[in-house]
1. Not counting ligands, DNA or RNA, and with a 1.4 Å probe, what is Asp91's accessible surface area in Å² rounded to the nearest 10?
2. Tell me the relative contact order for segment 225-326 as a rounded percent, counting alpha carbon contacts under 8 Å between residues six or more apart.
3. Calculate the spin-label point distance for Leu95 paired with Phe271, positioning each point 7 Å from the Cα along the beta-carbon direction, and give it in nanometres.
4. What accessible area, in Å² to the nearest ten, does a 1.4 Å probe give for Thr255?
5. Tell me the relative contact order for segment 76-157 as a rounded percent, counting alpha carbon contacts under 8 Å between residues six or more apart.
6. Would you please put 40-50, 219-229, 93-103, 128-138 in order of how densely packed they are, using the mean number of other Cβ atoms within 10 angstrom per residue and starting with the highest?
7. Count charges around Val50 for me, please; just the other residues with Cβ under 13 Å from its Cβ, Lys/Arg as +1, Asp/Glu as -1.
8. Using only the heavy atoms of the protein chains and a 1.4 Å probe, how would His108, His113 rank by accessible area, largest first?
Amino acid sequence: MSVRTSSPSVGRAPANGDRAGDELSSPAPRRAAAPAASTRRRRAADWRQVMEIAVLVGPALVIFLAFVIFPVVMAGYYGFFRWKGFGPPTDFIGLQNYVTIVQDPTFHEALWHNLVIVVMSLVLQGPLALLLALLLNRPMRGQSAIRVLIFVPYVIAEVVVGTGWSLMLQSNGALNGLLEKVGLGALAQDWLSNPDLAIWTLLGIITWKYVGFAVILFLAGLQGIPQELTEAAQIDGASYWQIQRRITLPLLGPTLRIWAFLSIIGSLQLFDLVYIIWGQYIASTAGTSTMATYMVANGRNAGNYGYGSAVAVVLFLISLVVALVYQRFVLRRDTAGALTERSDR
C-alpha cells in the first residue's frame, strides 16, 4: 500500500515541476514581443506624420517650385542667348548680355534710382509712421477712423493709385489748378516731366501709399509692449519721450527691422507705380527709371527676351544678396534670440 501510494506521487512530482517551469518561462516571449510592437507603432506614427506634412506642404511646395524656382532657372538659361521670345533659343552668346548690362549707363542710372528710393523710403516713411503709430496708440476720439484712413491707400490697387496721381500731377492737373486758385500759382510745377522733381514726386507717392502699412506694423508691435513697464517708468519720474526712447524703441526693434527689410526689398523691385505714371519710355527721360522698368523697356518692349531675362537674373541676385546680408547682420539678433528661447523651453 505504501509503495503504491508513493509511486504515483513520485511520478507526479516531475510533472508539477515541469508545469511550474513552463509557467515561469512562458512570459519571456511576451516581453520580447512588447518592444517590437512599440517599435511598429512608433514607425506607423512617424509615417503618419510624414504623410500629414506631405499633404499639407506638398501643394504649396509644388506651386513655389513651379512659379518661383523654375522661372528663375529658366530666366538664367535664356540669359545666355539672344532670343526673340518665340521658338527654342539657339543663338548662344554666353555672358554677353550680362556684360552689356554692367556696361550700360542707363542701367547704372536705374540702379542709382533704386538705391535712392531705398534710402529715402526708410528716411521718410520710418519716422513718419513711427510718430503716427505713437499718436494712434494713445486713447483719442476717432482713433479707429483715423487708422482706417491711414491704411486705405495701402490696399488701393497700384493701377488706381498711378492713374489718379498721374492725372492730378499733370501740368494742367488738379494740383496746379488748386495752387493757382489759392494764389500760389508760382509754386505750380511740371511734377512729372521735370527730371529734378520727378524722383521726389515718386517718393511722395510711395510715402503716401505705403506709410499706412508701416503704421499698422508699428501699432501691432506697440500693443505687444507690456503696459507695466511704462507705468513703472512714469512712477520713477520718466517723461513721455524718455519712455519712448528708453523702453518703446528698444522693444519695438524687431518690428522696425522687419519693416525695414520689407521696405528695402520692395524698393529694389519697384515697377508698377513708375510704369503706370511715367510709362516705359518717359521714365528714363524723367529720371524715375528703375531696374524693373529697364528690364521691361529693354527686354519685352525691345523684342529681346534673352536680354530681359538676364536683367531679371541680375535684379534677383541683387535682391538676394541684400536679403542675405540684412539677415546676417541685422535680423540675426532676432532669430538668435528666438532660437535661444525655444531651446530654453
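The values are calculated or read from the model by the stated rules, or taken from the named source; none is laboratory data. Being a predicted model, the structure only gives us computed values, none of them experimental. No Cβ is skipped: glycine too gets one built from the backbone with ideal geometry, and neighbour counts run over all protein chains shown. To get the accessible areas, we keep the full protein, side chains included, count just its heavy atoms, and leave off ligands, DNA and RNA. Shrake-Rupley method; radii C 1.70, N 1.55, O 1.52, S 1.80 Å.
1. 60 Å²
2. Numbers: 56 pairs, mean separation 19.5, N = 102.
Relative contact order comes out at 19 percent.
3. The modelled label-to-label distance comes out at 2.6 nm.
4. Number for this one is 30 Å².
5. Values: 29 pairs, mean separation 11.2, N = 82.
Answer for segment 76-157 is 14 percent.
6. On the way: 40-50: 10.0, 219-229: 13.3, 93-103: 15.4, 128-138: 17.1.
With the highest mean Cβ count within 10 Å placed first, the list reads 128-138, 93-103, 219-229, 40-50.
7. +1
8. His108, His113
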